[in-house]
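> After the structure tokens below, expect a handful of questions from me.
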Ligand SMILES: [Zn+2]
């Protein structure tokens, strides 16, 4: 989606777009969904000012279940400047892609119900077996301390 700067009137240009998620080329997200954006582009001295809102519905991998779970993110106040002196067009996809990267959750995780069940896979995460690996309850460095004492 490239908008020539010469096509932006002095009064500004309002656009509404629906972009398929796969066009953003973000490997972390998937699904047959769209990114919706409402943007207003105006001339601002040497720049083009983009303002508007972005909303994305997609799926993302749950770090607990490793299944795709629904993802909804939005940027209610998207703002970006494009330098008119170095570019004769506004390429929207890289700008939107960058913005979506900033709002993606670092660790997307499903919300367990009150019994500890995943709503998507039904896996119960409260009753892990006794032999399942767990995070250490105490200082993890204490295991190294034992090793040091054993060699002395
Ligand atoms: Zn889950």
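The values are calculated or read from the model by the stated rules, or taken from the named source; none is laboratory data. Bear in mind the structure is a predicted one, so any value in this text is a computation, not a measurement. Positions of Cβ are generated from backbone atoms using ideal geometry, with glycine treated the same way; all protein chains shown enter the neighbour counts.
> Any idea which of 107, 120 is touching a residue at least 24 places away in the same chain (Cβ under 8 Å) and either within 11 Å of the ligand (Cβ to nearest atom) or more than 24 Å from residue 21 (Cα to Cα) (or both)? Before you say what the answer is, go through the steps one by one.
On the way: 107 fails: either within 11 Å of the ligand (Cβ to nearest atom) or more than 24 Å from residue 21 (Cα to Cα) (or both).
It is 120.
> Considering only the stretch 3-19, I want to know if a residue exists there that is part of a strand (DSSP E or B), within 30 Å of residue 123 (Cα to Cα) and in contact with a strand residue (DSSP E or B) (Cβ under 7 Å, 6 or more places away or on another chain). Outline the logic, then answer.
Keep residues of the stretch 3-19 that are part of a strand (DSSP E or B), which gives 3-4, 13-19.
Filter again for within 30 Å of residue 123 (Cα to Cα), leaving none.
No, the stretch 3-19 contains no residue that is part of a strand (DSSP E or B), within 30 Å of residue 123 (Cα to Cα) and in contact with a strand residue (DSSP E or B) (Cβ under 7 Å, 6 or more places away or on another chain).
> Shifting gears a bit: Is at least one residue of the stretch 71-84 modelled with pLDDT under 95, assigned to a strand (DSSP E or B), surrounded by 15 or more Cβ atoms within 10 Å (Cβ to Cβ) and within 11 Å of the ligand (Cβ to nearest atom)?
no
> Also: Taking residue 19 as the residue in question, decide whether it is surrounded by 15 or more Cβ atoms within 10 Å (Cβ to Cβ) and more than 24 Å from residue 118 (Cα to Cα). Step through it out loud before you land on a result.
On the way: surrounded by 15 or more Cβ atoms within 10 Å (Cβ to Cβ): yes; more than 24 Å from residue 118 (Cα to Cα): yes.
Judged against the criteria, residue 19 is a match.
> Looking only at the stretch 50-62, which residues are more than 9 Å from the ligand (Cβ to nearest atom) and farther than 17 Å from residue 36 by Cα? Quick ask: steps written out before the conclusion?
First pass over the stretch 50-62, keeping only residues more than 9 Å from the ligand (Cβ to nearest atom): 50-61.
Scanning the stretch 50-62 gives 60, 61.
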